[in-house]
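Participant: Attaching a single structure in structure tokens format; questions to follow.
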Amino acid sequence: MSRQPRTQNVTTDAGEARITWITSPAPRLVLAVGHGAGGGIEARDLKALAAALPGHGVTVALVEQPWRVAGKKVAPAPKTLDTGWRGLWPALAAPGLPVVSGGRSAGARVACRTATELGAAAVLALSFPLHPPGKPEKSRADELLGAGVPTLVVQGGNDPFGRPDEFPPGPHTLAEVPHGDHGFAVPKRSGATEEQTMRVLTDAVAGWIASLG
């Protein structure tokens, strides 16, 4: 059984951020995951990972960026998001374990952009926004391809920000959540429940983390 979540406020150059720790009873690494630009750590995929991974030796750190902690509705520029993530990193590394840097959507971009600089062991990119909806020419593939560490992309099959078959080849691993949209919601006609969908996601992440050694 994992312990009760513990919150920690961290002062960064972008403002005060917050980490919610869900500690594994026998941790071998930390998975730090940030939220997207349109929501917080209550996202279904982040909640599912926090519930499933501590039993696999992974302490999960759910990260709230300063703008979210301050109650603002709109995320700041990518540069400011990166500043917040950098400021959080010493707290994430404090347990003395390897840290997998992760996030969903905008948070995945932050993780990719800063991974090498911060010494992340790997990157988990949930719903990586490969391009704005309907604008495939505005690709952000360079951020993903430039992560410089082992990277897992978990992408919904119907994500308007980039379907799995749109991703370029590269040094990353790609796992598909069938029928999932950008938030990994699936239509009822798919026949899959949210619980089944989240199991696909958490199994993919747990298996990938185990392969990191």
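The values are calculated or read from the model by the stated rules, or taken from the named source; none is laboratory data. Predicted model only: the values in this text are computed from it and were never measured. Please note: Cβ atoms are built from the backbone with ideal geometry, for glycine as well, and neighbour counts cover all protein chains shown. Keep in mind that these areas ignore ligands, DNA and RNA; they rest on the heavy atoms of the full protein, side chains included. Shrake-Rupley method; radii C 1.70, N 1.55, O 1.52, S 1.80 Å.
Participant: Of the residues that sit in segment 24-72 and are of a type in the set (S, T, N, Q) and touching a helix residue (DSSP H, G or I) at 6+ places or on another chain (Cβ under 6 Å), which one is surrounded by the most Cβ atoms within 10 Å (Cβ to Cβ)?
Facilitator: In this case the residue turns out to be Q65.
Participant: Could you grab me the full set of residues in segment 73-113 that are at pLDDT below 95, surrounded by 16 or more Cβ atoms within 10 Å (Cβ to Cβ) and of a type in the set (A, V, I, L, M, F, W, C)?
Facilitator: Selection gives A75 alone.
Participant: Among the residues of segment 114-138, which ones are more than 22 Å from Q8 (Cβ to Cβ), open to solvent by less than 60 Å² (accessible area, probe 1.4 Å), small (G, A, S) and assigned to a loop (DSSP other than H, G, I, E, B)?
Facilitator: Matches in segment 114-138: S127 only.
Participant: Return the pairs, sorted by first residue and then second, in which the second residue is open to solvent by 30 Å² or more (accessible area, probe 1.4 Å), the first residue lies in segment 41-60 and is among the aliphatic types (A, V, I, L, M), the beta carbons are less than 7 Å apart, and the residues are 6+ apart or on different chains.
Facilitator: That search, which allows pairs on different chains as well, returns V58/P27.
Participant: Considering only segment 175-213, state which residues are among the basic types (K, R) and at pLDDT 95 or above.
Facilitator: R199
Participant: Determine whether segment 98-112 contains at least one residue that is of a type outside the set (D, E, K, R) and more than 19 Å from V153 (Cβ to Cβ).
Facilitator: yes
Participant: Ok, one more. Pick out the one residue from A50, A108, A61 that is touching a Phe, Trp or Tyr at 6+ places or on another chain (Cβ under 7 Å), closer than 17 Å to W21 by Cα and outside any loop (DSSP other than H, G, I, E, B).
Facilitator: None of the others qualify; the one that does is A61.
Participant: Would a scan of segment 148-155 turn up a residue that is open to solvent by 10 Å² or more (accessible area, probe 1.4 Å) and among the hydrophobic types (A, V, I, L, M, F, W, C)?
Facilitator: yes
Participant: Of everything in segment 183-200, what is more than 15 Å from G55 (Cβ to Cβ), open to solvent by less than 40 Å² (accessible area, probe 1.4 Å) and in a helix (DSSP H, G or I)? Give them in sequence order.
Facilitator: Passing the criteria: S190, T197.
Participant: Mind telling me which of the residues F184, F128 ends up being without any contact (Cβ under 8 Å) to a residue 60 or more places away in the chain and under 23 Å from A75 (Cα atoms)?
Facilitator: Only one candidate passes the filter, namely F128.
Participant: Out of everything in segment 10-23 that is touching a strand residue (DSSP E or B) at 6+ places or on another chain (Cβ under 9 Å) and either polar (S, T, N, Q) or part of a helix (DSSP H, G or I) (or both), what residue ends up being surrounded by the most Cβ atoms within 10 Å (Cβ to Cβ)?
Facilitator: Residue satisfying both the conditions and the ranking: T23.
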